[in-house]
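The values are calculated or read from the model by the stated rules, or taken from the named source; none is laboratory data. Because the structure is a prediction, the values reported are computed rather than measured. Because the Cβ atoms are built from the backbone with ideal geometry, glycine has one as well, and the counts that use them run over all protein chains shown.
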Amino acid sequence: MRCIRKSVIFFACVLSALLLSTYTTSTVFAAPAKAKTKAVKTEAADPFGKVNDAFDVNKMSDMSDYDPATPVIPEGDTIKIAVVAAFSGPSAFNGMSYFFIAQWVAHDINKRGGLMVDGKKKLIQVLKADHMSKPDQCKKVAERMALQEKVHFFWGTDGSHFMKIINETANKYKIISLNVPCLADDLQDANNFSRYAFHSSYSTEQIARGLAYFYGQIRKKEKKFYILNQDYAFGRILAESFKKGLKEYYPEAQVVGEDFHKLFLTDYAPYLEKVRASGAEVIFTGDWLPDAGNLLKQARQMGVKLPFANVYMDNQNFLNEVGVEGTKGLMNISPYSVPNPYFKSKEEIKFYNTWLNLWKTKWKTPPFNTIAYQHATASGAVWLMQTYWLFSVVERAQSLDPEKIIKVWENDTYRFVNGKVIKMRACDHKAVQDLAVVEYVPPEEQKVSFNIPPYYWFKNASYTGPVSRIPAEKILPWMDQNLDRCKGKNGWGE
């Protein structure tokens, strides 16, 4: 999972191990004229209702001085947010990317003058909290952030097992905790739920069922799937959820093989030979980097040209290394993309160009000057938008009091810059949202999405082409009915 020790593309979002084996679908009520039941939710109706707030590009400050290598961080009486992640060790790329995101948002809001909270205008201070990819260190640094730094918010992280520790600390000290990239559904189950924790990311079961829905209800072409995942909780639960999704949405499909490999493998040939012999038409994988990149590279070197239905084969650095033909036909499930074209308004173009111009002219320090960051506002702005959502809630609560923040955030709806709407389910604090499946196509076909000059994302890699929406009502996040707050509620939390 992206949030579990992976070298993520900046945020291709996409973010995240979970322990879930069942799913909850929406319950639709027929409402007689005099009945007191709740309103019908249908695909035709707007399932999210009123949008409470939205990201407004026109309110953005002048970001021309933003450089992630030399961030401007205020001190003193500030709004403190701790990015708890790996800033050292083999997963340090994650911490750098996460801090980059949070600091971008803080820089923007600070240049606007900060936020009015509890009768006073305050700036946002982002702190690095290095968990070093070690559970004991995660607990230690989270405690220090709470007791010594007295942070108001936790932002995490690269690992659902670390997110669980962060949430436990947040619950202990009544600090709001935002889960941006982690996917584990059990983080918000009856055993682990905290009123102070909010899961704004998508989740493992949504991913698996979303891809099953895409192949069975939209694409309706390939029927033979080979599952090849990393051998640990996320990989196995993702596999089970995909098989259940196929039974639900594509019963005529067949899983022709299933394998699990150890993390950070260097030779995938034995598995790929079994794939080749199986007659599979699609390889389904949840592998994250470096496995995702190495698996794709070796498959193409061995002449295995099958498409991968994937979560994390989206790192733009390795996509360009593999090349146009090797990346053609990849199917990536996205928590951010919406139906084409990509740029639907001048505001979206402004947002995109603000970032792109900085990448071209100002960011000279690795890794921020690599192509993994070139289209970041387009390919994974979901992490940015979730962070802006947090501070939108704070601004509307006009307080750092966690109880007031919780009151605003439960059942809140927020619109991203690209028009996507996300809702925070009140009973278990999990995000309800559409997802999308993106097909990677050669440069000459990318105009269907990249509808402004130069009309392609990359010359040396296949990338975003056709985009298929997966409706929220088809992939509502799993809800633990053993959680008292959720008993008797449908998938929308009603």
Being over 23 Å from the mean Cα position of the chain (by Cα) and of a type in the set (S, T, N, Q) is the filter; apply it to the range 111-151 and report the residue that is surrounded by the fewest Cβ atoms within 10 Å (Cβ to Cβ). Gln148
Identify, by number, the condition in (1) surrounded by 22 or more Cβ atoms within 10 Å (Cβ to Cβ); (2) in a loop (DSSP other than H, G, I, E, B) that Phe343 doesn't meet. (1)
Quick one: what pairs do we get from the range 232-261, first residue among the acidic types (Asp, Glu), second part of a loop (DSSP other than H, G, I, E, B), C-beta under 7 Å, 6+ apart or different chains? Glu240/Ser21; Glu252/Lys223
Report the residue count in the range 314-334 for those that are in a loop (DSSP other than H, G, I, E, B) and at pLDDT below 95. 2
Among (1) in a helix (DSSP H, G or I); (2) of a type in the set (S, T, N, Q); (3) crowded, with 22+ Cβ neighbours inside 10 Å; (4) modelled with pLDDT of 95 or more, where does Ser97 come up short? (4)
Matching residues, the range 177-197, being within 19 Å of Ala129 (Cα to Cα) and touching a His at 6+ places or on another chain (Cβ under 7 Å): Asn179, Ala197
Of the residues Leu306, Leu358, which is under 19 Å from Trp383 (Cβ atoms) and more than 22 Å from the chain's Cα centre (by Cα)? Leu358
So, restricting to strands (runs of 3 or more DSSP E) that lie completely within the range 181-294, which ones have at least 2 residues that are of a type in the set (Val, Ile, Thr) and over 30 Å from Ile405 (Cβ atoms)? 254-261, 282-285
Does Asp412 satisfy the criteria of being more than 14 Å from Asp53 (Cβ to Cβ) and in contact with a strand residue (DSSP E or B) (Cβ under 9 Å, 6 or more places away or on another chain)? no
